[in-house]
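To start, the structure under review is shown below, and the notes come after it.
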Amino acid sequence: MRKLREVKNVVVSLIVFVLLWQILFITSDFNENLFPSPYMALQALVETVTKGVLFTNILTSLYRFLIGYLASIIVAVALGLVLGQLPGVFQYINPVVQLIRPISPTAWMPFIVLLFGIGDVPAIVIIFIAAFFPVLLSTVTAVRNINPVYLKVSQNFAISQPELTWKVILPAAFPQIASGIHLALGSAWIFLVAGEMVGAQSGLGYQIIDARNNIRADILLATIIVIGVIGIILDGLIKVIERRILAAWGGQV
Amino acid sequence: MYIEVQNACKKYIQDGAEFTALDNVSLDIEKGEFICLLGPSGCGKSTLLNAVAGFEKLNSGSIRIDGTEVSKPSIKNITIFQNYGLLPWRTVEKNVELGLETLKVPKEERHQIAAKYLELVGLMGYEKRFPHQLSGGQQQRVSIARGLAVNPDIIFMDEPFGALDAITRMKLQDDILKISRKAHKTIIFVTHDIEEAVFLADRIVVMMADPGRIKSIVKVPLMGHRDRTSADFLHVRDKIFELFNMKSDEYIEYVI
Ligand SMILES: Nc1ncnc2c1ncn2[C@@H]1O[C@H](COP(=O)(O)OP(=O)(O)OP(=O)(O)O)[C@@H](O)[C@H]1O
Ligand SMILES: [Mg+2]
């Protein structure tokens, strides 16, 4: 019953959205090439699908996303697990982290393109940066917030490094780390598109630039919607993975 | 002596002022003894226990176990914590095996030992559960099984049954008494429940607060099975009550 109501909510919400769009389309006096109707966007979507470009661009984007995001998580969690246990070291690293963190990853873009040229690398690097700081900081915080009784028990049972990190600290900190990883997914996906708009000749971000260059607002809007839908799917996937791990580790789900 | 505490002093700084949690505490414990540390909140029971267990450093004085100065916790002396200290991401069985992994016991043998001690604490059939799927009393049993599994010389317990209801607590008191007799462990047990101390201890170390110190040490002359309603039991209990000035006239005066 609840599932049914959720589905109903989604359907109603989408219908209202499309209706508003249609009304805006009818009432506004933009050129229809610049502000297409929902139906035109749908046609454009079908066009990109049948031509095969959409599928290729999605795969390209997902490939870059996965590499950048996974690499970022692995490095950030590993570093966070170490730094979280070395507060003396972290206090020297933290100021630099705090300095870099508020800089939008897009600000790095020109620099990254200068260094690595156009292609996969800039998009991957920007995703890496986008996901890195939230995951690093949430891992450090998570490690520091571990219930001290787990550490006392580990000490008592003579669990030393590196087992201490794998057996106790990582699983104990995991719920909080997971929420950092989850949050980072959203921003990483956002910046993938930004990265591909500047630093690539393929992918969904590039498809937007390409549509703009050809003054194809219909394709542009269709691409935007595809990006949103993939974002939702990725979010759903990570939720499932997160829950699986928590369940395997005895968390109350 | 097996455990020797000599002139143990421990001070904390609280709001800028120095607070003496342990003031020249000396105590000798024999191997195989069941010792209860009894006293009101803040008298330094946990501080003393943690110092002997190696979790806390003294400001001065010394603690020796079997002739060796205590400097850090050891897998030979296991502490059972009030909030159980189970690792929630491990099943009951894996929790019990925790210390055996450190001791590099092969997997097969680990399972056997875990099964043996889970049976001892009455938890066969619960191997695959996670701690949050157990009651508080069951969790404390797992924690006891985990401690026993590494075959420690000493078991430290800091109000292990404090969070349990009266009936479960009595059941666990029975069990721990049986286990201690059977396995012949040295046990140091913190409590502020007088009956619990009388029921369990060979000797009760009565402590007082501010500064934390030992007021007296009461030998419990009860052997074998202890009956909470027997005259002997009540006599010992009354003696302890008196030490705390909580019986008869004085108690009434206190209320008025
Ligand atoms: N880490 C600490 N920092 C400052 N003061 C502390 C610390 N640990 C304990 N104390 C103080 O030392 C005194 C003794 O504490 P302790 O925990 O040993 O008491 P206790 O007898 O175990 O009491 P309870 O029955 O409430 O557990 C208390 O006054 C407490 O406030
Ligand atoms: Mg205490």
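The values are calculated or read from the model by the stated rules, or taken from the named source; none is laboratory data. As the structure is a computational prediction, the values presented were derived from the model and not from experiment. All Cβ positions, even for glycine, are placed from backbone atoms using ideal geometry, and neighbour counts span all protein chains on display. Note: accessible area is taken over every heavy atom of the protein model, side chains too, but ligands, DNA and RNA are not part of it. Shrake-Rupley method; radii C 1.70, N 1.55, O 1.52, S 1.80 Å.
Going by what's in this entry, would B:LYS182 be described as open to solvent by 50 Å² or more (accessible area, probe 1.4 Å) and without any contact (Cβ under 8 Å) to a residue 12 or more places away in the chain? When the stated conditions are applied, B:LYS182 passes them. Determine if the stretch A:222-235 includes at least one residue that is surrounded by 17 or more Cβ atoms within 10 Å (Cβ to Cβ), more than 14 Å from chain B (Cβ to nearest Cβ) and over 18 Å from the mean Cα position of the chain (by Cα). Taking every residue of the stretch A:222-235 in turn, at least one turns out to be surrounded by 17 or more Cβ atoms within 10 Å (Cβ to Cβ), more than 14 Å from chain B (Cβ to nearest Cβ) and over 18 Å from the mean Cα position of the chain (by Cα). Would a scan of the stretch B:68-90 turn up a residue that is touching a strand residue (DSSP E or B) at 6+ places or on another chain (Cβ under 8 Å), outside any loop (DSSP other than H, G, I, E, B) and more than 12 Å from every other protein chain (Cβ to nearest Cβ)? Yes; the residues of the stretch B:68-90 include at least one that is touching a strand residue (DSSP E or B) at 6+ places or on another chain (Cβ under 8 Å), outside any loop (DSSP other than H, G, I, E, B) and more than 12 Å from every other protein chain (Cβ to nearest Cβ).
Restricting to the stretch B:30-67, name every residue that is within 13 Å of ligand 2 (Cβ to nearest atom) and part of a helix (DSSP H, G or I). Answer for the stretch B:30-67, where residues must be within 13 Å of ligand 2 (Cβ to nearest atom) and part of a helix (DSSP H, G or I): B:LYS45, B:SER46, B:THR47, B:LEU48, B:LEU49, B:ASN50, B:ALA51, B:ALA53. Here B:VAL218, B:VAL206, B:VAL198, B:VAL190 are screened, and the one residue that is assigned to a helix (DSSP H, G or I), within 30 Å of B:CYS9 (Cα to Cα) and in the same structural domain as B:ILE35 (by TED's automatic domain parsing) is B:VAL198. For the stretch B:118-134, filtered to residues that are farther than 14 Å from B:ILE144 by Cα and in a helix (DSSP H, G or I), the residue that is least open to solvent (accessible area, probe 1.4 Å) is B:HIS132.
Quick check: anything in the stretch A:140-152 within 14 Å of chain B (Cβ to nearest Cβ), of a type in the set (A, V, I, L, M), over 14 Å from the mean Cα position of the chain (by Cα) and not in a helix (DSSP H, G or I)? Yes: one or more hits. When restricted to residues that are within 14 Å of ligand 1 (Cβ to nearest atom) and within 21 Å of B:LEU243 (Cβ to Cβ), the stretch B:21-53 contains 18.
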